[in-house]
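Let me begin by presenting the structure, written as structure tokens, before commenting on it.
The values are calculated or read from the model by the stated rules, or taken from the named source; none is laboratory data. Because the structure is predicted, anything quoted here is derived from the model rather than measured. Backbone-built Cβ (ideal geometry, glycine too); neighbour counts: all protein chains shown.
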Amino acid sequence: MTSHLLPTYARVDLAFERGEGAWLYTATGERYLDFTSGVAVNALGHAHPKLIAALTEQAHKVWHVSNLYRVPGAERLADRLCAASFADFAFFCNSGTEAMEGAIKMARKYHAVSGRPERFRIITFEGAFHGRTLAALAATGNKKYLEGFGPPVEGFDQVPYNDIEAVKKAIGPATAGILIEPVMGEGGVRVVPHSFLRALRELCDQHGLLLIFDEIQTGIGRTGALFSYQLSGVEPDIMTLAKALGGGFPIGAFLGTAEAAKGMTPGTHGSTFGGNPLAVAVANAVLDEVMADGFLEGVKQKTLKLKQRLAELKDRHASVIAEVRNEGLLIGLRLVPPVAEMVDALRAEKMVAPAAGDNVLRLLPPLIIGDEEIAFAVDAIDRACQRLAQAHAPAKGAA
Ligand SMILES: *Cc1c(COP(=O)(O)O)cnc(C)c1O
């Protein structure tokens, strides 16, 4: 397999030609159940008729005009996201990492225009993932990802996750805010206790810091709430979105309260493509579906069904599945054998799902799955567990 694509990914030798709902098809017609969803992107599955209609309708009108002019679809999307959240303003970009850059800039600018330009540092957490551009990478703080790319962007202080004393110690005269994913997705689906989020909110209020939630993976219905912070009742000052926001069309966003956003005046930030008519047309169609009556309730019910079946699998395959973690349909199976073996075993069962940190297999089904997909997934995981249990069984007769 030779390719001129820069080899930064260890890709699986598998290509899909088309998708429909929760299913992906190869050029030879082989069908796979998609529990990757483009890494939590295709929340409405593949080839959703309303998304296709929104995209093609807009494609016949106008694709791109730049942000020098009003984009009515973007205004509507911002209105809807703000009406449904704590936020007063939204900025649209094209990816998660760009949303993070914007959120970091907003937090720093807030203090600068409040007469505290010395406050620019952000506290982040071990095991976090915030993206691959230089500031987002410094916020991520993963040594493996930073290695060889020169000095990390200054201004991030990483502390252990779920350790409020460590956070208190890290707060200093230069601290601007605290940044956390309410569920650490790439870090292994670690659900941050709501009590910890509440304690962070209190610390921010005490010290005049901004609380930033990275909801790039958790946002837009994945957890059974439109935004996962709503499950905790803890509101941030700034929030980032991307992945599911466009249902597969690239779009990201950072949102803030009027107070947090007060420094972001004309000229302070920009993006050529951000919030272009095609992207916002699709994102508005995604919101139509996810915010429709009963949709999120349905996600909760599917979560319960799947969770119950996964708990049974864990009981039956204790030598393979160590723990089931989830917030809604952001699900992690912490495994005993190496997660890479499970990813391969599932693919052999015609199901795709990605790995995460902490030896966790992530299950990220499209939110539109039904009973057929749940049953298929449970059977596939069951058989993959049997295979791994056999492969790792201690040799018979061993002393
Ligand atoms: C995927 C992800 C990002 C980065 O998004 P990109 O679109 O890949 O730049 C940032 N934060 C979290 C929590 C993510 O899951």
Quick check, is Arg121 in contact (Cβ under 8 Å) with a residue 12 or more places away in the chain and within 15 Å of the ligand (Cβ to nearest atom)?
-> no
Are any residues in segment 249-299 acidic (Asp, Glu) and within 22 Å of the chain's Cα centre (by Cα), and if so, which ones?
-> Asp288, Glu289, Glu297
The residue from Ala112, Ala166, Ala170, Ala174 that alone is touching a Lys or Arg at 6+ places or on another chain (Cβ under 7 Å), more than 20 Å from Met239 (Cβ to Cβ) and not assigned by TED's automatic domain parsing to the domain that holds Leu361 is Ala174
Does Phe196 satisfy the criteria of being aromatic (Phe, Trp, Tyr), exposed (fewer than 13 other Cβ atoms within 10 Å of the Cβ) and not assigned by TED's automatic domain parsing to the domain that holds Leu363?
-> no
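Condition check ((1) touching a Pro at 6+ places or on another chain (Cβ under 6 Å); (2) over 18 Å from Leu245 (Cβ atoms); (3) among the aliphatic types (A, V, I, L, M)) across all residues:
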| site | (1), (2), (3) |
| --- | --- |
| Leu51 | no, no, yes |
| Thr56 | no, yes, no |
| Arg76 | no, no, no |
| Ala87 | no, no, yes |
Of Leu146, Leu197, Leu203, Leu209, which residue is under 18 Å from the mean Cα position of the chain (by Cα) and within 30 Å of Asn326 (Cα to Cα)?
-> Leu197
Pro193 versus (1) within 11 Å of the ligand (Cβ to nearest atom); (2) without any contact (Cβ under 8 Å) to a residue 40 or more places away in the chain: which is the lone unmet condition?
-> (1)
Determine which single condition Thr124 fails, assuming it passes every other condition in (1) surrounded by 15 or more Cβ atoms within 10 Å (Cβ to Cβ); (2) assigned to a helix (DSSP H, G or I); (3) not hydrophobic (A, V, I, L, M, F, W, C).
-> (2)
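In this structure, does Glu181 turn out to be within 21 Å of Asn42 (Cα to Cα) and of a type outside the set (Gly, Ala, Ser)?
yes
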From the list Lys314, Lys307, pick out the single residue that is out of contact with any Cys (no Cβ under 6 Å at 6 or more places or on another chain), over 28 Å from Ala47 (Cβ atoms), in the same structural domain as Ala380 (by TED's automatic domain parsing) and of a type outside the set (Ser, Thr, Tyr).
-> Lys314
The listed residue being in contact with a strand residue (DSSP E or B) (Cβ under 9 Å, 6 or more places away or on another chain), of a type in the set (A, V, I, L, M, F, W, C) and within 16 Å of the ligand (Cβ to nearest atom), out of Ala99, Ala90, Ala47 = Ala99
Report whether or not Lys143 is away from the ligand (no atom under 16 Å from the Cβ) and either at pLDDT below 95 or in the same structural domain as Ala356 (by TED's automatic domain parsing) (or both).
-> yes
Does Gly115 satisfy being of a type in the set (Gly, Ala, Ser), part of a loop (DSSP other than H, G, I, E, B) and within 13 Å of the ligand (Cβ to nearest atom)?
-> no
Take segment 150-190 and flag every residue that is over 23 Å from the mean Cα position of the chain (by Cα) and either in a helix (DSSP H, G or I) or within 16 Å of the ligand (Cβ to nearest atom) (or both).
-> Ile164, Glu165, Ala166, Val167, Lys168, Lys169, Ala170
Could you pull out every one of the strands (runs of 3 or more DSSP E) wholly within segment 21-101 that has 3 or more residues that are surrounded by 20 or more Cβ atoms within 10 Å (Cβ to Cβ)?
-> 31-34, 89-93
